[in-house]
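Novice: This is the structure I have questions about; it appears just below.
Each value in this text was obtained by applying a stated rule to the coordinates, not by laboratory testing. Treat the numbers as computed from the prediction; the structure is a model and nothing was measured.
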Amino acid sequence: MRTIVIDSYRCSGCATCTEMCPEVFVLSPLTEKAELISPDQAVTDAVLEAAAFCPEKCILIVEGAEADR
């Protein structure tokens, strides 16, 4: 199973992901960084595209047991 992980340290809060995939990503009002709306989001083509266009490359798609780290 693939899981979406956001490296909040690298996130600049540019909002590219929220513009491309607003049903999955939101900017936190506290940190002004990207977050998942729900932790169990499906990895769709739109999510993969948002990850590819992220200028900081902070959206990671991890496989299986790697997601539990």
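Novice: If I ask for residues that are part of a loop (DSSP other than H, G, I, E, B) and aliphatic (A, V, I, L, M), which ones from segment 26-39 would you list?
Specialist: First, the residues of segment 26-39 that are part of a loop (DSSP other than H, G, I, E, B): 28-33, 37-39.
Within segment 26-39, Leu30, Ile37 meet the criteria.
Novice: Against the condition within 12 Å of the chain's Cα centre (by Cα) and either assigned to a helix (DSSP H, G or I) or not small (Gly, Ala, Ser) (or both), how does Ala42 come out, does it pass? Lay out the reasoning, then the answer.
Specialist: Values: within 12 Å of the chain's Cα centre (by Cα): yes; either assigned to a helix (DSSP H, G or I) or not small (Gly, Ala, Ser) (or both): no.
Against the criterion (within 12 Å of the chain's Cα centre (by Cα) and either assigned to a helix (DSSP H, G or I) or not small (Gly, Ala, Ser) (or both)), Ala42 does not qualify.
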